[in-house]
Amino acid sequence: MTSTTRTRLVAGLLALVFFALAGGASIAVTSSASRGKLVWTDSAEENDPPQVALGIAMGAFRGLFVNVLWIRANSLKEAGKYYEARDLSSAITKLQPRFPRVWVFHAWNLAYNISVTTQTREERWNWVNQGIQLLRDEGIPANPNDMLLHKELAWIFLHKIQGYTDDANGYYKRRIAEEWTWVLGPPPLPSLEMKDRKVAIERYLEWFRPIARAPEKLAEVVAATPEVEGLVSDLRSRVGVEPGFDLLRRYEFARALSTSPLRYRFEARSGPKTAAMIELIQDPRYARAWPALLANVRKRVIADTYHMEPDRMLRYMEYYGPMDWRHPAAHGVYWSARGTELSLPRFTEENRKNFDFINNDRLTIQSVQELARSGEVYFNVLDFIAGNDAFYMAMPNVHFVTTYGEILQSLVERSWADTDKRVYSFYSAGYENFLRDQVRYYYRRGQKDVAEKLYADLRTYPHQNMNDPERPFIMSRPLAEFVDRELADQEKIPQVAVSETVGALQGAFTSGLLAGNMEEFRAQIEYAKQFHRYYMEAQAKLNPLDIGTSRMEMMDKDFGVVAGVVFAQLCSIMPRQEGEALYARAPDDLRVYAYDLLVERYKKEIDEDSAKGGPAFDVVFPQPPLIGEHRARMQEEADRARADQEKMQKEAK
């Protein structure tokens, strides 16, 4: 045997060995990729744009074809053909599903670029929501562990919706609040006991835990609670609704309507299906069935429609605080924190450049900051449906002040830009600014002891930045002078305007009215009124897109409405004895705002006490003499705002 023959035999044997090894590796890789969904699209589905099938058929030339689609999609957008551009974007994401930046670009295009070219707030919301859905419902499921997609989704919630740069941001906030009222129902009512952060968190966990622990399948619910089968059957035959989002929407609407003193507004447009739903809600046969069915449906809607995990939501509420999911920043926390959590197991020193923990974590801390500034949401879904866009208030939630401090260190430890070796730390600067805001808010609220404690924490913060030469002087000032200095250059900032106005009103009603100190009451009311007027004159400019609100409004233009809403909420969250005292000492122009809410909150309870010999509801909370005129005025303003909005939409078309 010649050397040439031996060489050929050895080469042939090696080739066979390598082919066998490659085949085994290929099978393993293909299997792993399939399990992880890390494969190219290789078949077109029924509703896919035709470009998907064409791109698949082009095989190795798919990349060139996608480039052509990119150019074409951008040309269509520039020409104002947004729906055609969207369809091409859908084809591109289906042909390149594993490239996160493809999803990010098209979601940004929908939520930011296309949305602002439309002429009505409803159109804008449609495009912003499409951007959210593209990332949440398609991009993240296709790339479940990608941090970038989570960060961009959190950014849309925090910046586009919770921020105030978009003229339609007020409408966005109301739509999120409406949507999540249907999904989860209203969160636990505030109470005096919930001033304790641990109590507040536990109340929220008790509210949400049945959803997270609910069975996955309806059959399991029926097996555990047989009455559910009859309820589902009646819902199908009498209401015409299947278990799903529409059931939740109809249930929450009927439940709110049945207990609201404002139901007269909806009597004309409430049909037999709403009446049937109310009857089923009140039917004693289904007292056990409703909670079991609703928990299961809410869980399935959260998982199937919103691609969120109830168990994770529950865990985040325990860790971050009592998050109200009607608030956009709660979703900012969820998606940014989820992105970090899923990325950490894959993080090593070798691949650290592939992970941008800093920017993602900053979205988490900024979302927590927003919840501290405005995380206590007051939103009446019936008012919104009736056209009263103004009734949305987001007031400071003090529980997230603690959250900020508790989670800060864990974020600093992941940040290469915030080590002790650096002169300036972004996280430290952010925390100091946050503490400054809270000192000012508590001072205005009348809780000067808390303000003093936070001021001491600020002065002794161990990680403070030392690059400001004026800091020692500023921090040596008395509390009142420090607050005045802080306010001097922030009066036109929306969050400051809300916290100053709301804080002064809360102080007026608690330290003044409830305590019987009328001088304090008048002084705080006057401060709140003047600050509100100053801010509105400076920032509440005409909004050509959304007549009901101005872009940087953040609270109602009518000071009476703001004062009335704060007063009403305080009356309803206090123990009845304090609520009665506060209501009794208040003037009628405040009582008219509280009366209907107190009817909803206490009438049934007081009527039951009255049947046992207690005082009647109208003795405990007498109806203000001008309540009829107040209701008529509020309805007139809502009707006028709705008519103006409809007129503007017609003109835009």
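The values are calculated or read from the model by the stated rules, or taken from the named source; none is laboratory data. Because the structure is a prediction, the values reported are computed rather than measured. Glycine gets a Cβ as well: all are built from the backbone with ideal geometry, and neighbour counts include every protein chain shown.
Quick notes
- Looking only at the stretch 91-126, and only at residues there that are among the polar types (S, T, N, Q) and more than 26 Å from the chain's Cα centre (by Cα), the one that is nearest to residue 164 (Cα to Cα): 93
- Looking only at residues of the stretch 359-382 that are within 11 Å of the chain's Cα centre (by Cα), in a helix (DSSP H, G or I) and not polar (S, T, N, Q), we find that the one that is farthest from residue 416 (Cα to Cα) is 371.
- Selection from the stretch 406-416 of residues that are surrounded by 15 or more Cβ atoms within 10 Å (Cβ to Cβ) and in a helix (DSSP H, G or I): 407, 408, 411, 412
Listed here are the residues, each with its yes/no results for (1) within 33 Å of the chain's Cα centre (by Cα); (2) in the same structural domain as residue 582 (by TED's automatic domain parsing); (3) at pLDDT below 85; (4) hydrophobic (A, V, I, L, M, F, W, C).
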residue: 456; (1), (2), (3), (4): yes, no, no, yes
residue: 463; (1), (2), (3), (4): yes, no, yes, no
residue: 467; (1), (2), (3), (4): no, no, yes, no
residue: 505; (1), (2), (3), (4): yes, yes, no, yes
residue: 508; (1), (2), (3), (4): yes, yes, no, yes
residue: 516; (1), (2), (3), (4): no, yes, yes, no
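- Qualifying residue in the stretch 594-608 (condition: of a type in the set (Asp, Glu) and within 30 Å of residue 534 (Cβ to Cβ)): no
- Of all residues in the stretch 71-88, those that are assigned to a helix (DSSP H, G or I) and either of a type in the set (A, V, I, L, M, F, W, C) or touching a residue at least 24 places away in the same chain (Cβ under 8 Å) (or both) total 9.
- Residues satisfying the stated conditions in the stretch 90-114, i.e. touching a His at 6+ places or on another chain (Cβ under 9 Å) and either in a loop (DSSP other than H, G, I, E, B) or buried (at least 24 other Cβ atoms within 10 Å of the Cβ) (or both): 92
- Residue within the stretch 225-235 that is surrounded by 13 or more Cβ atoms within 10 Å (Cβ to Cβ) and either under 22 Å from residue 311 (Cβ atoms) or not assigned by TED's automatic domain parsing to the domain that holds residue 278 (or both) present: yes
- Pairs where the first residue, in the stretch 313-333, is closer than 13 Å to residue 372 by Cβ and modelled with pLDDT of 95 or more and the second is outside any helix (DSSP H, G or I) and among the β-branched types (Val, Ile, Thr), C-beta under 6 Å, 6+ apart: 324/377; 327/377
- Residues (touching a residue at least 40 places away in the same chain (Cβ under 8 Å) and either touching a Ser or Thr at 6+ places or on another chain (Cβ under 8 Å) or farther than 15 Å from residue 630 by Cβ (or both)) located in the stretch 560-575: 562, 566, 569, 570, 572, 573, 574, 575
- Boolean, residue 187 is out of contact with any helix residue (DSSP H, G or I) (no Cβ under 6 Å at 6 or more places or on another chain), closer than 25 Å to residue 254 by Cα and part of a loop (DSSP other than H, G, I, E, B): yes
- Top-ranked residue in the stretch 575-614 [being among the basic types (Lys, Arg) and crowded, with 20+ Cβ neighbours inside 10 Å; ranked as farthest from residue 194 (Cα to Cα)]: 591
- Test: residue 490 is in a loop (DSSP other than H, G, I, E, B), touching a helix residue (DSSP H, G or I) at 6+ places or on another chain (Cβ under 9 Å) and within 30 Å of residue 559 (Cα to Cα): yes
- Among the numbered conditions (1) under 19 Å from residue 144 (Cβ atoms); (2) crowded, with 20+ Cβ neighbours inside 10 Å; (3) touching a Ser or Thr at 6+ places or on another chain (Cβ under 9 Å), the only one that residue 355 does not meet is (2).
- Filter result (surrounded by 13 or more Cβ atoms within 10 Å (Cβ to Cβ), at pLDDT 95 or above and aliphatic (A, V, I, L, M)) within the stretch 200-223: 201, 205, 211, 212, 214, 218, 221, 222
- Residue within the stretch 155-165 that is in a loop (DSSP other than H, G, I, E, B), at pLDDT below 95 and not polar (S, T, N, Q) present: yes
- Residue 495 being surrounded by 15 or more Cβ atoms within 10 Å (Cβ to Cβ) and modelled with pLDDT under 85: yes
- Count of residues meeting criterion [buried (at least 19 other Cβ atoms within 10 Å of the Cβ), closer than 21 Å to residue 403 by Cβ and of a type outside the set (Phe, Trp, Tyr)] in the stretch 178-199: 4
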